[in-house]
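The values are calculated or read from the model by the stated rules, or taken from the named source; none is laboratory data. No experiment lies behind these values; they were computed from the predicted model shown. Virtual Cβ from ideal backbone geometry, glycine too; neighbours counted across all protein chains shown.
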Amino acid sequence: VLVMCGREDLTTPLALSEEMAAMIPGARLVVIETCGHMAPLERPDEVTQAMVDWLGRAQ
C-alpha cells in the first residue's frame, strides 16, 4: 500500500497519514513537500514518480 500526503495538507494532516501507514503492514509513506491536499494537481511530477517507484518495487 502506498500512502501519499502533502506536507501542508489540512484536510488529511500528515499525522493521520503517518498513523494510517503505521497500521498497514508493509505500507510505504511518501510525503510531498510544499503541497496540500490535491497532490496530483499541485505536484503531478512528484506524485507520478512516487507511484512509478512504488510500482517498480512490487515486481
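Scanning region 2-59 for residues that are touching a strand residue (DSSP E or B) at 6+ places or on another chain (Cβ under 7 Å) and among the basic types (K, R) gives R7, R28, R43. Considering each residue of region 29-46, count those that are in a helix (DSSP H, G or I) and out of contact with any Cys (no Cβ under 9 Å at 6 or more places or on another chain), and give that number. Number of matching residues: 4. Name the residues in region 29-53 that are closer than 14 Å to L2 by Cα, among the hydrophobic types (A, V, I, L, M, F, W, C) and exposed (fewer than 12 other Cβ atoms within 10 Å of the Cβ), would you? Correct list: V52 only. For beta carbons closer than 7 Å, sequence separation of 6+ or different chains, a first residue in region 43-59 that is under 11 Å from V30 (Cβ atoms) and of a type in the set (A, V, I, L, M, F, W, C) and a second that is in a helix (DSSP H, G or I) and modelled with pLDDT under 95, there are no qualifying pairs. Annotation note: of G56, G26, the sole residue that is in a helix (DSSP H, G or I), surrounded by fewer than 11 Cβ atoms within 10 Å (Cβ to Cβ) and more than 11 Å from the chain's Cα centre (by Cα) is G56. Pairs are defined by a Cβ separation below 8 Å, a sequence spacing of at least 6 or placement on different chains, a first member in region 1-29 that is within 21 Å of R43 (Cα to Cα), and a second member that is in a helix (DSSP H, G or I) and among the polar types (S, T, N, Q); the pairs so defined are V3/S17; M4/S17; C5/S17; D9/S17; L29/S17.
Taking region 1-23, which residues are part of a helix (DSSP H, G or I), aliphatic (A, V, I, L, M) and surrounded by 13 or more Cβ atoms within 10 Å (Cβ to Cβ)? Residues satisfying the conditions are L14, L16, M20, A21.
Could you go through region 8-26 and let me know if any residue there is of a type in the set (D, E, K, R) and in contact with a Gly (Cβ under 8 Å, 6 or more places away or on another chain). Yes, because at least one residue in region 8-26 is of a type in the set (D, E, K, R) and in contact with a Gly (Cβ under 8 Å, 6 or more places away or on another chain).
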